[in-house]
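To keep things clear, I will list the structure first and then write my remarks on it.
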Amino acid sequence: MDDRSKKLGCAEKDRIWALSPDISGPFAQLSDDVAHLMWFERLYVWLQCFEKYILYPAIILNALTTDAFSISNYRRLGTHWDIFLMVIAGMKLLRASFCNPVHQFTHLGFTVIFFHFDYKDISESFLLDFFMVSILFSKA
């Protein structure tokens, strides 16, 4: 320590130490190395991006297109209410696929298994089933 730091109080010594820390410990040599991502970490990031930006929006847009044709043939609640529900469900599911893609796989898998194998009779359409399951899972 220099002469000036001997005359300083405790708070001033801490301030000087914080402004110019001494990194001469055993890990000082490691600070120059750059961290490299492994191939599987890069693959994981690419698959996450594929899932978030391509897979889930494609599934939802496919369901919207398929259900739009079924509305023209079979009107459940009336044309206007069916279209309104489709728009709300599509927007909510697209938003959820971008904001919360981690949980979408669970919602999607449960929707397919539950309404395809167990309760075919109460299934309305894939889009509305997926919409209801995502609401139930997010509230639970």
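Here, each number is a calculation from the coordinates, and none is a lab measurement. In this text, all values refer to a predicted model and were calculated from it rather than measured experimentally. Because the Cβ atoms are built from the backbone with ideal geometry, glycine has one as well, and the counts that use them run over all protein chains shown.
Quick notes on this one:
- Among 128-137, 40-49, 90-99, the peptide with the highest mean count of other Cβ atoms within 10 Å heads the list, and the full ranking is 128-137, 90-99, 40-49.
- In this simple spin-label model, placing a label point 7 Å from the Cα along the Cα-to-Cβ direction at both residue 135 and residue 42 gives a separation of 4.4 nm.
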